[in-house]
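Asker: Okay, handing you the structure first.
The values are calculated or read from the model by the stated rules, or taken from the named source; none is laboratory data. Because the structure is a prediction, the values reported are computed rather than measured. Here the Cβ positions follow ideal geometry from the backbone for every residue, glycine too, while neighbour counts run over all protein chains shown. For the accessible areas, the whole protein counts, side chains as well, though only heavy atoms, and no ligand, DNA or RNA atoms are used. Shrake-Rupley method; radii C 1.70, N 1.55, O 1.52, S 1.80 Å.
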Amino acid sequence: MDERTFDRTDQHASVIGLGTWQLGADWGDVDDKQAHAVLEAAAESGVTFFDTADVYGDGRSEQTIATFLRGRPDLRVTVATKMGRRAEQLPQNYVLENFRAWNDRSRRNLGVDVIDLVQLHCPPTPVYSSDEVYDALDTLVAEERVAAYGVSVETCEEALAAIARPNVASVQIILNPFRTKPLREVVPAARAAGVGIIARVPLASGLLSGKYTRDTVFAADDHRTYNRPGEAFDQGETFSGVDFATGVEAAAEFAALAPEGYTPAQLALRWIIQQPGVTTVIPGARSAEQARSNAAAARLPELSPETLAAVGDLYDRRVRDQVEGRW
């Protein structure tokens, strides 16, 4: 699989990575055997970038990755984790003392002395503009706790504030055919600054797989059940903020655009990695089959200008009004 680099660090990432929220929690049950199978299938398919967080299953996701990589010392994988959601979401909690404590915990979970990439995990908006926060992150690098740092954001405005900082290596942002605003406002600025773009929620919480109907029921512990109005965390994290009924109808139109040989999910992933300035995209997978299918999108032919235009038209007609002004 092709790899791209984060220009400010020279770290590498396969163009299709693996998001591992589902290996921790909030997507229904994924047992240890399933989780190992997902990681193995991704690695064998050429994935060299795993994204996790300290709160995914209260550390379970980080620990699962560590166990897997201990058994595969032959692999060269960049592991990115996130921190900041273990405390009440107040700007004053984003200080060096807490950063060190969270970092110590993640390093133990991951079984490493130095974390490849640590990202602030969608903190309160004022955090992105705080000199003290970036000074503290620079200290983590100077103390050789982390090799590089980045941010995960909810909005384009937050992304732009982070990109302006000289040592931010990456911005993780929701980007998919149902959330295209970052292509106009964030990705060009990141390219100019040498900041990597990690595209998350690439399938709009599975909507773009084309598998759901209005009658689809998710498990009670799945965020697609309990967070639709944004009660637990930002609404944009669930179905990219698109109303489920609207999303299902739009996803059916999207599926019809898939060229021969593509699944709808592969169409979404291929669309993302064709966008200039995107470093990697991090779909999740709950089975080895899903992990292999996601990775296979990197080897499919490029989408035609006609298909790209049709995806843009669908966004404009069905989705733009619901999401464009909010994130």
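Asker: Where does each of 245-253, 198-206 land if you order them by average Cβ count within 10 Å, highest first?
Answerer: Most protected by this proxy first, the peptides run 198-206, 245-253.
Asker: So what is the accessible area of the range 1-133 per residue, in Å², with the probe set to 1.4 Å?
Answerer: On a per-residue basis, the range 1-133 sits at 42 Å².
Asker: Which of the listed residues, Asn98, Leu267, Gly241, is farthest toward the dipole's positive end in the chain, when Lys, Arg count +1 and Asp, Glu count -1 at the beta-carbon?
Answerer: Projecting each Cα onto the dipole axis, the largest value belongs to Leu267.
Asker: Taking a quarter of the surface of the Cα convex hull of the range 156-291, what do you get in nm²?
Answerer: Answer in nm², one decimal: 9.0.
Asker: Separation of the range 142-196 and the range 279-294 by C-alpha centroid, Å?
Answerer: Result: 22 Å between the Cα centres.
Asker: Same structure again: So how do Lys181, Lys82 rank on accessible area, 1.4 Å probe, biggest first, that is with the largest at the start?
Answerer: Lys181, Lys82
Asker: Between beta-carbons, use under 13 Å as the cut-off and find the net charge around Phe68, counting Lys and Arg +1, Asp and Glu -1.
Answerer: -1
Asker: Carbon and sulfur together cover what percent of the accessible area of the range 18-79 at a 1.4 Å probe radius?
Answerer: C and S atoms contribute 51 percent here.
Asker: Sticking with this structure for a sec: Please work out the ratio of the alpha-carbon Rg of the range 103-178 to 2.2 N^0.38 Å and round it to two decimals.
Answerer: 1.13
Asker: Read phi for every residue in the range 183-197 and hand back ³J(HN,Hα) as whole Hz from Karplus 6.51 cos²θ - 1.76 cosθ + 1.60, θ = phi - 60°, with x for Gly and Pro.
Answerer: 3J(HN,Hα) across the range 183-197, in whole Hz: 5, 8, 10, 10, 4, x, 5, 5, 4, 5, 8, x, 9, x, 10.
Asker: Hey, could you get me the Stokes-Einstein D for the range 154-212, Kirkwood radius over alpha-carbon pairs, 10 °C and 1.306 mPa s, rounded to whole µm² s⁻¹?
Answerer: 133 µm²/s
Asker: Quick one: pull the percent of accessible area on the range 91-180 belonging to carbon and sulfur, 1.4 Å probe, ligands and nucleic acids left out.
Answerer: Carbon with sulfur: 48 percent of the solvent-accessible area.
Asker: Give the angle, between 0 and 90 degrees and rounded to the nearest 10, that separates the Cα long axis of helix 60-70 from the longest principal axis of the Cα atoms of the chain.
Answerer: The helix 60-70 is inclined about 80 degrees to the chain.
Asker: Hey, can you find the accessible area per residue of the range 185-243 for me, probe 1.4 Å, expressed in square angstrom?
Answerer: For the range 185-243, the per-residue accessible area is 41 Å².
Asker: Rg over Rh of the chain, using C-alpha atoms and the Kirkwood radius, what does it come to?
Answerer: Taking Rh as the inverse mean 1/r over Cα pairs, Rg/Rh reads 0.93.
Asker: Another one. Calculated FRET efficiency, Arg70 and Ala164, Cβ-Cβ r, R0 41 Å, to nearest 0.05?
Answerer: 0.60
Asker: Now for a different question. At what distance in angstrom do the alpha carbon centres of the range 72-93 and the range 217-245 lie from each other?
Answerer: Centre-to-centre (Cα) distance: 22 Å.
Asker: Another question about this same structure. Could you tell me which of Ala80, Val217, Ile173 has its Cα farthest along the dipole of the range 74-228 towards the positive end, charges placed at Cβ (Lys, Arg +1; Asp, Glu -1), taken about the Cα centre?
Answerer: So the residue furthest toward the plus end is Val217.
Asker: Now for a separate question. Give me a comma-separated list of calculated 3J(HN,Hα) values for the range 306-320, in order, Karplus coefficients 6.51, -1.76, 1.60 applied at θ = phi - 60°, integers in Hz, x for any Gly or Pro.
Answerer: These are the phi-based 3J(HN,Hα) values: 5, 5, 4, 5, 5, 5, x, 5, 4, 4, 4, 7, 10, 10, 3 Hz.
Asker: Hey, if you put +1 on the Cβ of every Lys and Arg and -1 on every Asp and Glu Cβ in the chain, which of Ala142, Asn294, Ala159 ends up farthest toward the positive end of that dipole?
Answerer: Comparing the listed Cα positions along the dipole, Asn294 ranks first.
Asker: Another one. With just the Cα atoms of the range 35-76, tell me how far they stretch along each of the three principal axes, in Å, largest first.
Answerer: 27, 17, 16
Asker: Further question on the same structure: Could you tell me which trypsin sites (Lys or Arg not before Pro) in the range 282-327 are loop residues by DSSP with no more than 10 other beta carbons within 10 angstrom of their beta carbon?
Answerer: Here no loop site has a sparse enough neighbourhood.
Asker: Among the GluC sites (Glu not before Pro) within the range 1-108, which fall in a DSSP loop and have no more than 10 other Cβ atoms within 10 Å of their own Cβ?
Answerer: Listed in order of number, the matching sites are Glu88.
Asker: Can you pull the percent of the range 186-327's accessible area that's carbon plus sulfur, 1.4 Å probe, other chains left in place?
Answerer: 50 percent
Asker: Which translational diffusion coefficient, to the nearest whole µm²/s, is obtained for the range 1-77 from the Stokes-Einstein equation, given a Kirkwood hydrodynamic radius over C-alpha pairs, 37 °C and 0.692 mPa s?
Answerer: 254 µm²/s
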